[in-house]
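K.L.:
Mind having a look at this structure? Questions to follow.
The values are calculated or read from the model by the stated rules, or taken from the named source; none is laboratory data. Values in this document were obtained by computation on a predicted structure and should not be read as measured data. Every residue, glycine among them, receives a Cβ derived from its backbone with ideal geometry; neighbour counts consider all protein chains shown. Calculation scope for accessible area: heavy atoms of the full protein, side chains included, ligands and nucleic acids excluded. Shrake-Rupley method; radii C 1.70, N 1.55, O 1.52, S 1.80 Å.
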Amino acid sequence: MTKPVSIPARFYLTTPIYYVNARPHLGHAYSTIVCDAIARRKRAQGIDTWFLTGTDEHGQKIERSAKLAGRTPQEFATALSQEFRGLWDRLGLSYDDFIRTTEERHKRGVQHLFATLRDRGYIYKGSYTGQYCVSDEAYVEGPPGTPCPDCGRITETVSEENYFFKLSAFERKLLEFYEANPDFMGPESTRREVISFVRGGLKDLSVSRTSFSWGIPVPGDEKHVIYVWLDALANYITALGYGSDDPVDQARFAKFWPADMHLIGKEISRFHCVYWPAFLMAAGIALPRSIKANGWLLFDQGKMSKSRGNIVRAETVDEVLGADALRYFLLREIPFGQDGNFSFDALVQRYNGDLANGYGNLVSRVVNMVHKYFAGVLPEAGAETAAEIGLRKSAERAIAEFGPAFSELNFSDALKGLWLLVAETDGYLTANAPWKRPPDRSDLDHAQLQARVLATSAECIRIITALVYPILPESAAKVWKQLGLGEIQDAAKQAFLTHLAWGGLKAGTKLEEPAPLFPRKEKDAIEHMQNLEDKNNSSAVAAASVGGANTEPVAAPQAAAVAVNAVESKAPARATASPVAPPAPTAIPAAIPVAEQHLPAPQVAAEPQLAERQVIGIDDFSKVELRVAQVLVAERIPKADKLLRLEVDLGYEKRQILAGIAQYYEPEKLIGRKIVIVANLAPRKMRGLVSNGMLLAASLPDGAPVLAGFLEEVPLGARLK
Ligand code: MSP
């Protein structure tokens, strides 16, 4: 008889790889923290785990961000990638590998994948004219000016000869696959959305670009770069060694692929659940076992993101409350798969309620009393009474329920259940008051009660700590030591934390000195975090304005971001003229028309007649919000000779503006240029497109506009006063 082959348990999980166009914020930390908690529990179950994260560094979006920061894409990507990695290290995240898509191992693997798809007949050459969202690096259906259905930003028109992937050939195969593998994607809302997208029909997908060069060249046709999503998705296999000849890489790939779980944000499910399986099917590579989408972290009601200017950095929470508090809050507060609000108030409330007054206080009471009454040596519990039996049953229930809830990514319920045990143990301690001897109780009886209550409570703490370790790794390690159990990592390696049974903490164990775990925080912790964020926001502006190291394209201070409203541009002819009466020379000291330099001779505008002049007070002037913006996109509008469609970046926000300057400015020459806009006019529609603001320009005697600009460096979003 042949023995069944035993397959060693292994688990491969991945985070999305993060775009390096901006610094990491709490939204990014959230996905990575969830993966870290899963990886830690898997390892604690004795499963050979591989946890991958990294950065997504190619594409037009990064190329543009680098240009705005005045750096090469490679320098820019390296600086930002280091920020991500540095933050993951600071937060103690236990990734096994960090891949950068600019690494050789990745480029080689992506080219191999592309060549394989082409050799197998799934890639052909064609031409594409359509809309593209640079922010999401996604193709979008619709006429020019169509907003991206995912992020709402205005798409750009792309007209190129491209390589196409035969996505249409996979419509039926994908639907069959989803049907046969109901757990492949989740939550249910994601599954439904993806299936209905595929049922709606799949068109072939353009998988190369020629209009920019920051990407991986198509093998054998180097003027094309590979579409950034094909490049990025492949990280999950290239990091393991796909496409390498090295036997070590090949063995790692054979061992860990297919992935057990890709954890992603819900907005990128189409790329992961449709394109990625189709690429893999076409290349003859096994499909990942599951793709799970987390919801968004919201702040001030909106998705936390750089472009909204409503980000909070993980460093701030780490500095004031510690990384464990952040992990606990995110996993306890937000049911996985749903959107969840982040607020400093709620964070500090949870911290004080559940960690400082809850778990932390319980540990400190028990450890202190064992030191006080038993010289730090855990006493024998003795015979159980009804109270201990009840508590033991609760602990056994917690053990039985925590694992399944956690495996279903239901972290919030897993923690809720465990904290019932924290509360019950606390209540048991208070009810039995081992610190107070009633007059009718003998010394011996009292000592026995103290021993029973403290040994039982300490055992509950051991169980709580073992279970909570993946979520509070740093604090659990401290408690484990205080309980005299040594290094929690060693216990994790031996699967002691997950194969739990009542009675593991033995009498005679020498406890360590108590040390504070979660010191209570007062209201000023909230202010402290808010101040750290404000300080960071203003220094981001300052750093960006001088093009300093590690700058991200400028983020405006939050207060300014909130104050900005959508604006209207007037008729195209007026869009080029100053909207206010000519200000006194001191009113806008920084505004110097750059085009002056190109004029053959100084020209002087006729002095306005007194009757034309309308004198306004400073209050009137301050109602007009003039701000610095940078042109990202400029293109002509079909059948509108005078109008250009611009997409401009205010640092904290991008918007579309229509300007009647098409007869005076070549669109290509405007890209990258800093201009001044009126930012608080109500939006207005022209030619079916919305204009969200108005440019400032001097009007020459012949009516030609000359755009306002600056000689010195100015940060995006800066207000002119
Ligand atoms: N580079 C792509 C992913 C490629 S994976 C092959 C990308 N990068 S991203 O930086 O924009 O986003 C990375 C992840 O961070 C996504 O899963 C996204 O959902 C997550 N988050 C970014 N902001 C977020 C919140 N405010 N809340 C929760 N997660 C969010 O997409």
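K.L.:
Enumerate lysine pairs in segment 607-721 that are 8 or more residues apart or on different chains, then count those whose Cα atoms are under 22 Å apart.
P.N.:
Taking the Cα cut-off of 22 Å, the pair count is 12.
K.L.:
About the Cα centre, and with charges only on the beta carbon of Lys, Arg (+1) and Asp, Glu (-1), how big is the dipole of the chain? Nearest 20 debye, please.
P.N.:
760 debye
K.L.:
If you don't mind, another one. In the chain, if the dipole is taken from +1 on Lys/Arg beta carbons and -1 on Asp/Glu beta carbons about the Cα centre, which of 44, 164, 628 is farthest to the positive end?
P.N.:
So the residue we want is 164.
K.L.:
Taking Cα centroids, how far is segment 405-455 from segment 183-249 in Å?
P.N.:
A separation of 53 Å, based on Cα centres.
K.L.:
Taking a label point 7 Å from the Cα of residue 520 along the Cα→Cβ vector, which residues of segment 337-372 have an amide N closer than 12 Å to it?
P.N.:
352-353, 356-358, 361
K.L.:
Amide H neighbours of residue 298 under 5 Å, at least 5 residues apart or on other chains, H built in the peptide plane: list them.
P.N.:
304, 340, 341, 342
K.L.:
Counting only helical runs of four or more DSSP H residues, what would the 222 nm mean residue ellipticity of the chain come to if each run contributes -39,500 (n - 2.57) and the total is spread over all its residues?
P.N.:
-12000 deg cm²/dmol
K.L.:
Report the antiparallel proportion of the DSSP beta bridges in the chain as a percent, rounded to a multiple of 5.
P.N.:
Among the beta bridges of the chain, antiparallel pairing accounts for roughly 70 percent.
K.L.:
All other residues with a Cβ under 14 Å from the Cβ of residue 495 taken together, and with Lys, Arg as +1 and Asp, Glu as -1, what is their net charge?
P.N.:
That works out to +3.
K.L.:
Turning to a different aspect of this structure: Heavy atoms of the protein only, probe of 1.4 Å, neighbouring chains included. What is the accessible area of residue 185 in Å², nearest 10?
P.N.:
10 Å²
K.L.:
Please work out the average accessible area per residue across the chain, using the 1.4 Å probe convention, and give it in Å².
P.N.:
Dividing the accessible area of the chain by its residue count gives 43 Å².
K.L.:
Along the charge dipole of segment 10-308, which of 202, 286, 307 sits closest to the positive end, that is, farthest toward it, with unit charges on the beta carbon of Lys, Arg, Asp and Glu (+1, +1, -1, -1)?
P.N.:
Looking along the dipole axis, the top candidate is 307.
K.L.:
Would you pull out the residues with amide H under 5 Å of residue 483's amide H, same chain only if 5 or more places away, H placed 1.01 Å from N?
P.N.:
Under 5 Å from the amide H of residue 483 lie the amide H atoms of 512, each far enough along the sequence or on another chain.
K.L.:
Could you rank the peptides 615-624, 144-153, 94-103 by their average count of other C-beta atoms within 10 Å per residue, with the highest value first?
P.N.:
94-103, 144-153, 615-624
K.L.:
Charges on Cβ only, +1 for Lys and Arg, -1 for Asp and Glu, centred on the Cα centroid of the chain; of 151, 383, 362, which one is farthest towards the dipole's positive end?
P.N.:
151
K.L.:
Could you size up the charge dipole of segment 120-211 around its Cα centre, putting +1 on the beta carbon of Lys and Arg and -1 on that of Asp and Glu, and report it in debye to the nearest 20?
P.N.:
Dipole about the Cα centre, nearest 20: 280 debye.
K.L.:
If I take every Cα pair under 8 Å that is 6 or more residues apart in segment 260-326, average their sequence separation and divide by the length, what percent do I get for the relative contact order?
P.N.:
29 percent
K.L.:
Show me 427-436, 270-279 ranked by packing, highest mean number of other Cβ atoms within 10 Å first.
P.N.:
In descending order of packing, they fall as 270-279, 427-436.
K.L.:
Work out the length of the dipole vector of segment 351-499 about its Cα centre, built from +1 on the beta-carbon of each Lys and Arg and -1 on the beta-carbon of each Asp and Glu, and round it to the nearest 20 debye.
P.N.:
Approximately 300 debye in magnitude.
K.L.:
Keeping every protein chain in place, order 318, 119 by accessible area at 1.4 Å, biggest value first, i.e. largest first.
P.N.:
Ranked list, largest accessible area first: 119, 318.
K.L.:
Now for a different question. Relative contact order of the chain, please, whole-number percent, based on alpha carbon pairs below 8 angstrom and at least 6 residues apart.
P.N.:
12 percent
K.L.:
What list of ³J(HN,Hα) couplings, whole Hz, do you get for segment 249-261 from phi and the Karplus terms 6.51, -1.76, 1.60, once you set θ to phi - 60° and write x for glycine and proline?
P.N.:
5, 4, 5, 5, 4, 5, 6, 9, 8, x, 4, 7, 8
K.L.:
Follow-up. Roughly speaking, what is the stretch gain from residue 361 to residue 711, that is 0.36 nm per residue apart minus the C-alpha to C-alpha distance, in nm to one decimal?
P.N.:
Roughly 120.0 nm would be gained on extension.
K.L.:
Let me ask something else about it. I'd like the distance separating the alpha-carbon centroids of segment 44-98 and segment 656-721, in whole Å.
P.N.:
Using only Cα atoms to place each centre, the spacing works out to 35 Å.
K.L.:
Quick one: pull the percent of accessible area on the chain belonging to carbon and sulfur, 1.4 Å probe, ligands and nucleic acids left out.
P.N.:
53 percent
K.L.:
Please tell me the relative contact order of segment 49-141 in percent, rounded to the nearest whole number, where contacts are Cα pairs under 8 Å and at least six residues apart.
P.N.:
Relative contact order comes out at 34 percent.
K.L.:
Can you list residues whose amide H is under 5 Å from residue 686's amide H, if they're 5+ apart or on another chain and H is modeled 1.01 Å from N?
P.N.:
Answer set, sorted by chain and number: 691.
K.L.:
Which FRET efficiency value, to the nearest 0.05, do you get for residue 636 and residue 74 by plugging their Cβ-Cβ distance into 1/(1 + (r/R0)^6) with R0 = 41 Å?
P.N.:
0.80
K.L.:
What is the total of Lys pairs in segment 129-267 with C-alpha atoms under 29 Å apart, excluding same-chain pairs fewer than 8 positions apart?
P.N.:
So the count of such lysine pairs works out to 9.
K.L.:
When you count, for each residue, the other Cβ atoms within 10 Å and take the mean per peptide, how do 387-394, 291-298 rank with the highest first?
P.N.:
291-298, 387-394
K.L.:
Among the aspartates and glutamates, which fall within straight-line cross-link reach of residue 303, defined as a Cα-Cα distance under 15 Å, with same-chain neighbours fewer than 8 residues apart omitted?
P.N.:
Partners within reach: 136, 150, 267, 339, 653.
K.L.:
Further question on the same structure: May I have the count of lysine pairs in segment 1-137 with C-alpha atoms under 27 Å apart, counting pairs 8 or more residues apart or located on different chains?
P.N.:
Step by step, the pairs that qualify in segment 1-137 add up to 5.
K.L.:
Okay, next question. Taking θ as phi - 60°, what are the ³J(HN,Hα) couplings along segment 177-186 by the Karplus curve (6.51, -1.76, 1.60), each to the nearest whole Hz, with x for Gly and Pro?
P.N.:
Computed from phi, the couplings for segment 177-186 are 5, 4, 4, 6, 10, x, 8, 4, 10, x Hz.
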